[in-house]
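The values are calculated or read from the model by the stated rules, or taken from the named source; none is laboratory data. Since we're looking at a predicted model, the values are computed, not measured. Note: ideal-geometry Cβ built from the backbone for every residue, glycine included; neighbour counts use all protein chains shown. Only protein heavy atoms, including side chains, enter the accessible area calculation; ligands, DNA and RNA are left aside. Shrake-Rupley method; radii C 1.70, N 1.55, O 1.52, S 1.80 Å.
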Amino acid sequence: MSACEVVDLLNGGEVTPLDCLDALEVRIAAVENVVNALPILCFDRARDRARRLLQQPLGCRGRLAGLPVPIKDLTDVSGVRSTYGSTIFADHVPEQSDILVERLEAEGGVVYAKSNTPEFGAGGNTFNDVFGTTLNPWNTGLSAAGSSGGAAVALATGMAWVAQGSDLGGSLRNPASFCGVVGLRPGPGRVPRSARFKIDDLLSVNGPMARNVEDTALLLDAMTGDSPADPLSLPRTESFLAAARSGWRPVRVAFSADLGITPVDPEVASICRAAAASLAAIGTHVEEAHPDLSEAHDTFSVLRGMAFAISYDALLEQHRAKMKPEVVWNIETGLSYSMADIVRAENNRAAIYRRMHAFFETYDLLLCPATIVAAYPASDRYVKECAGYAFPNYFEWLAIAYAISLTAAPALSLPCGFTKDGRPVGLQIVGRPRAEGQVLAAARALELLLDLHPTTPIDPLPPRHV
């Protein structure tokens, strides 16, 4: 069943939150040992929360009404082991939840698990030295991407109806694409969060994931709203579920296979181009175009490095031996940048934002692949080359996602097809800043046109060569 259907049953008293938890516990027991998506379970805490919800009248239990939600293991849940994928915090149990978790619980969400993530969310493959590697259920020899890989796999295998994730350079969108589910990166401030490090961070956001667009919108509704604890947070102004169901259709959209900045696997590009072209069936004019994003690589590299230096410099001094090489490299690279580098990056980000804003004066949406490849072997730490181009570092293969992160625009990964060997492919749908409602409405229209639903949940499939 969809999350929206389950919430309707919960609101009608036909099932209880305890029934949902029982069903999830059975499903987790059946498949978790194969995919390693939800390594931390907290069913006792969840059942206590569910019983307290049952004391409230029907219809007064929040937007989620008792729907269970897993939380990514980068986000604190009070009384629950929260490791951030790092052996440094292997036994860490926070006393206070992140304000996002508090918001979800106030809306009737029941937290029952933490989803796996790479160490400190660094990298497009979900593995760490605490819990190991999360595997793609479409082919358990392949990566689930990252860093919200555990969340995406939990959804794809039926161990979750909805899931919280986070995204700096594609960490929601890449796993959604690899696993055949939906992931929405909202614009900065749309979803409040606790300010652990940089309080005005515009690159890293939290967002919803689900198996379809309406369920994604449902969870976004439960996440949003301003909070004095987050100076960037925006007030709740609309129902995103209503927006997804509104019937709004884009008039003119742009498609780009590569945004002018990255190689793309030809099969992935072809699948995404065909999906975008299908919008013509509802009267949308589709043409090939993209804004100028030529400074994206340097800009993102500097700003990402600065973020890692701000967040983890003290840990590097104390625990270098416990950090994976990519994390150490990120922090040291960030510390090596000069003020001139930071000035250049901030000026370029402003220029990119202005050009994207002007682009949306002509186009309602920008469409492109969510990732440049389909799922790759889980044993590979990252994608080293694509279409004959060798990447200079471990994250440049994510450029088609991180370039959009620089623009503050909302972006959604929608399942749009499969490669010939059965790997899911996601189409990235990008809208104007603060236009999450239009992105969801267009995604819902395209979801109906493509008619791929439902393809999940699935039982994990054994490893096979691709």
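Which order do peptides 136-149, 198-211 fall in by mean Cβ count within 10 Å, highest first?
Sorting 136-149, 198-211 by mean packing, highest first, produces 136-149, 198-211.
Any chance you could list the semi-axes, whole Å, largest first, of the equivalent ellipsoid that the Cα gyration tensor gives for the chain, using √(5λ)?
Taking √(5λ) for each Cα gyration eigenvalue gives 30, 26, 22 Å.
With the full set of protein chains in place, find how many percent of the accessible area of segment 209-297 is carbon and sulfur; take the probe as 1.4 Å.
Here it works out to 54 percent.
Kindly identify segment 332-466 as rounded, prolate or oblate by the Cα gyration tensor criterion: order the square roots of the eigenvalues as a ≥ b ≥ c, call it rounded if a/c is under 1.5, otherwise compare a/b with b/c, prolate if a/b is larger, else oblate.
It comes out oblate by the Cα gyration axes.
Tell me the per residue accessible area of the chain using a 1.4 Å probe; a whole number in Å² is fine.
35 Å²
Sorted by packing (mean other beta-carbon atoms within 10 Å per residue), highest first, where do 48-54, 106-112 land?
106-112, 48-54
Going from the alpha-carbon gyration tensor of segment 19-102, what semi-axes, largest first and in whole Å, does one get by taking the root of 5 times each eigenvalue?
Value: 24, 18, 10 Å, ordered largest first.
Over segment 12-84, what percent of the accessible surface lies on carbon and sulfur atoms, probe 1.4 Å?
The computed percentage sits at 49.
In deg cm²/dmol, rounded to 500, what helix-only [θ] at 222 nm does the chain give when every DSSP H run of at least 4 residues adds -39500 (n - 2.57) and the total is split over its residues?
Calculated at 222 nm, the ellipticity per residue is -11500 deg cm²/dmol.
Looking only at the chain, where both bridge partners belong to it, what percent of the DSSP beta bridges are antiparallel (to the nearest 5)?
70 percent
What number of lysine-lysine pairs in the chain show an alpha-carbon separation below 27 angstrom, given a sequence spacing of 8 or more or placement on distinct chains?
Taking the chain as the scope, the lysine pair count is 13.
Farthest toward the dipole's positive end in segment 338-466, which of Leu449, Tyr402, Ala345, given Cβ charges of +1 (Lys, Arg) and -1 (Asp, Glu) about the Cα centre?
So the residue furthest toward the plus end is Ala345.
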